[in-house]
Amino acid sequence: MPALVLLGAQWGDEGKGKATDLLGGSVDYVVRYQGGNNAGHTVVVGDQKYALHLLPSGILSPGCTPVIGNGVVVDPSVLLSELSGLNERGVDTSKLLISGNAHIITPYNVTVDKVTERFLGKRKIGTTGRGIGPTYADKINRVGIRVQDLYDESILTQKVEAALDGKNQLLTKLYNRRAIAVDQVVEELLGYAEKLAPYVTDTVLVLNQALDDDKVVLFEGGQGTLLDIDHGTYPFVTSSNPTAGGACTGAGVGPTKISRVIGILKAYTTRVGSGPFPTELFDEDGEALRRIGGERGVTTGRDRRCGWFDAVIARYATRVNGLTDFFLTKLDVLTGWEQIPVCVAYEIDGKRVEELPYSQSDFHHAKPVYETLPGWSEDITKAKSFSDLPKNAQNYVKALEEMSGAPISAIGVGPGRDETIEINSFL
Ligand code: GDP
Ligand code: IMO
Ligand code: MG
């Protein structure tokens with residue numbers, strides 16, 4: 001059985017952590033392939049709740065090897081504190097593998113993230129302030145620091161010098177900040193080397209050998225399709241490729257190995273940070289979705305913007321990711337609405353548009369065209385099979401499936417591992 005990709009089909013926070021954890025018990029490896037600790041993945045196991053930022057959600061499944069792939073950006077201090085936090089709660093993290101080619105989020109990358117956002121003022125992206133964009137920028141500019149550099153002090157010093165050269169000019173002359181000392185950064189980074197050493201390896205080789213041995217590998221996306229640097233609502237995006245292709249570059253596995261791409265899809269829509277969001281609600285329905293859905297950022301604690309389900313986005317996610325399945329989450333949150341509007345198309349400058357416009361200005365003007373579906377009031381959190389759902393909930397799911405272009409193979413009816421209806425098996 002080959003590789004599966006599990007990714008966000010909207011703007012992140014769809015419930016990827018829960019979905020990955022659910023499959024974690026049956027797979028051999030769970031791999032993060034992009035992003036960093038901008039992610040906030042919540043996993044609820046029994047009465048225990050875990051918030052993971054950098055570690056793959058498979059870390060909570062004892063039989064599973066968690067892997068941080070080459071496409072991820074790693075803040076070593078966050079990683080070490082996440083590991084010790086889990087160890088204190090009795091979770092064994094010793095199987096973790098980290099790619100030596102993954103890039104490191106340095107303290108100056110975090111500083112640059114914060115000052116550039118401040119400088120953008122009203123035009124800010126609303127980043128998580130974790131240094132993600134500047135670290136990927138350094139990678140592309142070929143002045144990045146990689147995990148393997150921690151093991152060669154001379155190379156590390158040269159690289160930090162090269163990276164700080166231009167940045168210190170910017171920090172002091174443009175942003176009116178103090179220059180950052182090379183020695184200090186090198187010393188801090190070297191301090192992580194020994195602690196990380198047991199985990200660092202050639203993850204590309206490990207994963208490809210595992211696939212040759214018929215092991216099951218699950219790639220866990222951070223963020224979501226509409227936050228993708230190429231396919232999302234640029235510039236209001238993150239700086240990596242959460243879409244399916246990112247799993248290949250971010251883990252060093254060829255596309256021929258991937259047999260299933262699962263899109264995690266919330267039964268309504270949320271977004272954190274700036275940028276267009278056609279179905280966003282500013283009324284009490286939006287408030288109610290936020291309250292009932294607990295829509296508050298796991299990483300930054302910001303309230304999430306909330307709106308109705310957008311089928312145009314779901315269709316787009318199906319296309320750019322080649323989705324084979326959807327995992328629909330948080331259906332239980334919609335219980336109690338008499339009528340539930342669903343966006344089936346946009347109206348842009350008086351014209352009906354069925355597909356996501358490539359033009360940023362068109363997307364900014366897009367107004368949702370709604371169809372209203374009848375709601376349900378019965379508690380669905382104990383439902384174990386599709387037929388346990390009230391007829392109107394079944395019809396809501398079927399309507400979404402038809403509009404979105406791929407089968408809905410699982411439905412989340414609560415945050416817990418067992419609060420899931422499985423329709424088609426993923427494995
Ligand atoms: P991620 O970033 O995609 O992993 O998602 P987050 O963890 O940021 O946000 C999803 C939230 O919804 C978390 O608090 C989950 O515990 C919760 N959740 C996931 N699936 C369900 C579901 O089916 N129903 C309900 N009520 N909550 C869910
Ligand atoms: P998970 O994995 C939701 C958003 C930020 C901001 C933009 C850029 O939990 O779904 P960045 O710090 O990445 O440069 O910020 O992307 N963002 C997320 N929104 N869920 C996430 O992760 C996100 N990670 C980044 O709010 O708008
Ligand atoms: Mg999240």
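The values are calculated or read from the model by the stated rules, or taken from the named source; none is laboratory data. Keep in mind that what you see is a predicted model, and the values were worked out from it rather than measured. Virtual Cβ from ideal backbone geometry, glycine too; neighbours counted across all protein chains shown. Please note that ligands, DNA and RNA were not included when accessible areas were found on the heavy atoms of the full protein model with its side chains. Shrake-Rupley method; radii C 1.70, N 1.55, O 1.52, S 1.80 Å.
For residue 95, the lysines whose Cα falls under 18 Å of its own Cα, not counting residues fewer than eight places away in the same chain, are 195, 215. Derived scalar couplings between HN and Hα for the stretch 379-389 equal 5, 10, 5, 9, 5, 10, 9, 4, 6, 6, 6 Hz in order, rounded to whole Hz, by the Karplus curve 6.51 cos²θ - 1.76 cosθ + 1.60 (θ = phi - 60°), x for Gly and Pro. In the chain, the longest principal axis of the Cα atoms and the axis of helix 182-196 are about 70 degrees apart.
With 0.36 nm allotted per residue and the present C-alpha distance subtracted, the residue 300-residue 197 stretch has 34.1 nm of extension available.
In terms of the mean number of neighbouring beta-carbon atoms within 10 Å, the peptides 31-44, 50-63, 73-86, 414-427 order highest first as 31-44, 50-63, 73-86, 414-427. Checking the cross-link filter: which lysines have an alpha carbon closer than 22 Å to that of residue 391, excluding same-chain neighbours under 8 positions apart? Answer for residue 391, where 22 Å is the Cα cut-off: 266, 330, 382, listed by chain and number. The heavy atoms of residue 330 offer some 50 square angstrom of accessible surface to a 1.4 angstrom probe. The mean sequence distance of close C-alpha pairs (under 8 Å, at least 6 residues apart), as a share of the length of the chain, puts its relative contact order at 20 percent.
For the chain, the fraction of 1.4 Å probe accessible surface lying on carbon and sulfur atoms is 50 percent. Per residue, the solvent-accessible area of the stretch 103-198 (1.4 Å probe, heavy atoms of protein chains only, all protein chains present) comes to 57 Å².
Residues 248, 64, ordered by accessible area of protein heavy atoms at a 1.4 angstrom probe radius and largest first, appear as 248, 64.
Sorting 316, 268 by accessible area puts them as 316, 268; the probe is 1.4 Å, largest comes first, and only protein heavy atoms count. The long axis of helix 203-212 is offset from the longest Cα principal axis of the chain by roughly 50 degrees.
What percent do you get for the relative contact order of the stretch 103-198 when only Cα pairs under 8 Å and 6+ apart count? That works out to 27 percent. Protein heavy-atom accessible surface, 1.4 Å probe, per residue over the stretch 351-404: 63 Å². Across 172, 279, 116, mean-square fluctuation computed from a Gaussian network of the chain (C-alpha pairs under 10 Å connected) peaks at 172.
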